[in-house]
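Following: one structure in structure tokens, then a few remarks.
The values are calculated or read from the model by the stated rules, or taken from the named source; none is laboratory data. Here the structure is a predicted model, which means the values were calculated and not measured. Note that each Cβ is placed from the backbone with ideal geometry, even for glycine, and that neighbours are counted across all protein chains shown.
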Amino acid sequence: MKRSISLLSFAVLISGCTQTPDAPAVASPQVLAAGQQVYHTNCETCHQPDGYGVPDMQPALVDDDIVAGDPTQIIRVVLQGPANVLPAGRPTYSNVMPRFNQLTDEQVADVLTYIRHEYGHDASPIGVDQVKTVRSQFP
């Protein structure tokens with residue numbers, strides 16, 4: 001009996017260590033502040049401070065399925081541009097979002113975590129390792 005309790009305790013301890021520290025369940029205030037700064041510098045002019053974009057010019061980020069959806073897809077949208085990632089039949093806008101592949105992995109993770117937190121109904125944070133993995137999949 002004592003041995004099974006010890007094994008159970010060890011299993012619980014190990015299972016708690018399997019989550020990567022890079023992708024926390026909740027974003028830290030520091031990550032959100034850094035992401036807000038990246039958003040202010042690179043995204044706010046088009047998507048607006050409130051995330052609602054400009055009708056027919058730039059899409060809203062608020063309540064957007066892509067923002068709150070698959071982290072890999074939104075990372076690719078930022079790094080490769082939506083025209084290279086999203087399906088051809090999607091709604092289009094008069095201003096085309098450029099690639100932001102000049103941002104560091106940390107900047108991409110921070111800004112997407114901020115956007116997903118603010119406009120994606122608290123969608124999961126995005127970690128730096130997730131961005132590195134996606135970036136490594138294309139030239």
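Checking every residue in the range 98-111 against the condition of being among the polar types (S, T, N, Q) and within 13 Å of the chain's Cα centre (by Cα) gives at least one match. From the list Leu103, Leu112, Leu86, pick out the single residue that is in a loop (DSSP other than H, G, I, E, B) and closer than 22 Å to Tyr52 by Cα. Only one candidate passes the filter, namely Leu86. Taking the condition of a type in the set (D, E, K, R) and surrounded by fewer than 16 Cβ atoms within 10 Å (Cβ to Cβ), does Asp105 pass? So Asp105 does not fit the description; no. Contact annotation: residue pairs with Cβ atoms under 6 Å, 6 or more positions apart or on different chains, pairing a residue in the range 47-72 that is at positive phi and in a loop (DSSP other than H, G, I, E, B) with a partner that is surrounded by 13 or more Cβ atoms within 10 Å (Cβ to Cβ) and of a type in the set (Val, Ile, Thr), are Gly51/Val62.
Just the residues that are aromatic (Phe, Trp, Tyr) and surrounded by fewer than 16 Cβ atoms within 10 Å (Cβ to Cβ), please, taken from the range 108-139. Within the range 108-139, Phe138 is the sole residue that qualifies.
Of the set (1) surrounded by 12 or more Cβ atoms within 10 Å (Cβ to Cβ); (2) touching a residue at least 40 places away in the same chain (Cβ under 8 Å); (3) small (Gly, Ala, Ser), all apply to Ala25 but (1).
Every residue, every condition in (1) among the hydroxyl-bearing types (Ser, Thr, Tyr); (2) at pLDDT 95 or above, yes or no:
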residue	(1), (2)
Thr18	yes, no
His40	no, yes
Ile74	no, yes
Ala88	no, no
Pro98	no, yes
